[in-house]
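What follows is one structure encoded as structure tokens, with my remarks underneath.
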Amino acid sequence: MQKGKASIEFESPPVILSDASIAGKKEGEGPLGACIDVVEQDDMFGMENWEQAESAMQKQAADLALEKGGIRRREVRYLFAGDLLGQLIATSFGTVDLEIPMFGLYGACSTMGEALTLAAMTVHAGYADRTLAVASSHFATAEKQFRFPLGYGNQRPYSATWTVTGCGAAVVGKAGKGGEMKKAPMITGVTPGRIVDMGVQDSMNMGAAMAPAAVHTIRQNFEDFNADETYYDKIITGDLGQVGSKILLDMMKQDGRDLTGIHMDCGVQIYDSEKQDTHAGGSGCGCSAVTLCAYILPRLRSGEWKRVLFLPTGALLSTVSFNEGKSIPGIAHGVVIESGGE
């Protein structure tokens, strides 16, 4: 099943049995609003602080994904989940009541790709019949940790992205194991990414920091699977935004690969750049997770798309590394998802 230098092609592809998306008011006002399962008008989610709000959002998304699939918590063997906060506090407090053995993940905004990769590998290896992949972010918790307090009212450059308040949850299992659901999308392969550091130091331009990592993983995926851009209906990056997407397309053109019309970015898709003040687009773990569950998987289930490369992107910085003058490494994990058919 090992393909090329870094990829895996599953002999018996795990399937996405069910999924759910939860998002905030701003995301609900964007182009995907009607597709999101639950749009919460109160970004506090009825809690006392922002961090508790993100935890509540994670639990709600996980429970809804299980409910939609008719799956009980005890039928899920392992949970792969993460967020953007220090020590994964949104995940730790948000998933404790699920009582599912948990692997906490930090891949920055690439976390949903990492979670799906590990969930699929675990299922295919026979270590679990069902796993749960979850990733979340919250605008206020991210601003509080990585940038400025909201009350500061700082100006944002146009290269900056807006952290999505949202969470996506997907149950990954064996085909036929509770997956009698028709057209369950299949995870047929993965290309885990490696860290790529091009020396970018502008924390307000995450797209520039992450784009080279996305390019590397796409190149590796093409090489390992002996494929090219025509192999996919869509190549979907996580949150490069307007700036990073242009860099990606330009770098791929240098390889003789024209991704125009095939490439889609979750950060560009989730907000309306003309009507919403999000500048370069969306970002955060929840950006690709919500877009996956609300927009991408339904198109695979319907057969509109047959095969996509889902490629969440992450900027691996912290307040410590940034304040010490370090650059911003990037990473991108590729997940090949195909329509399950009838």
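The values are calculated or read from the model by the stated rules, or taken from the named source; none is laboratory data. Predicted, not measured: the structure shown is a model, and the values here were computed from it. Positions of Cβ are generated from backbone atoms using ideal geometry, with glycine treated the same way; all protein chains shown enter the neighbour counts.
Within region 278-317, being at negative phi, among the small types (Gly, Ala, Ser) and under 16 Å from the mean Cα position of the chain (by Cα) holds for 282, 283, 286, 288, 289, 294, 314, 315.
Of the residues making up region 7-20, those that are closer than 26 Å to residue 286 by Cα and either in a loop (DSSP other than H, G, I, E, B) or among the basic types (Lys, Arg) (or both) are 13, 14.
Within region 318-342, no residue that is on the phi > 0 side of the Ramachandran plot and aliphatic (A, V, I, L, M) sits with its Cβ atom under 7 Å from a residue that is modelled with pLDDT under 90 and assigned to a strand (DSSP E or B) at 6+ positions apart or across chains. Just to be sure before I move on: is residue 4 at positive phi and surrounded by 15 or more Cβ atoms within 10 Å (Cβ to Cβ) in the structure I sent? The answer is yes for residue 4.
Which one of these is touching a residue at least 12 places away in the same chain (Cβ under 8 Å) and closer than 27 Å to residue 264 by Cα: 12, 55, 7? Going through 12, 55, 7 in turn, just one is touching a residue at least 12 places away in the same chain (Cβ under 8 Å) and closer than 27 Å to residue 264 by Cα: 7. Could we say that residue 102 is within 27 Å of residue 174 (Cα to Cα), surrounded by fewer than 20 Cβ atoms within 10 Å (Cβ to Cβ) and either free of Cβ contacts under 8 Å to residues at least 12 places away in the same chain or not acidic (Asp, Glu) (or both) here? Here the answer is yes, as residue 102 does meet what is asked. Checked against the criterion of being within 20 Å of the chain's Cα centre (by Cα) and more than 16 Å from residue 138 (Cβ to Cβ), the candidates 81, 65 yield just one match: 65.
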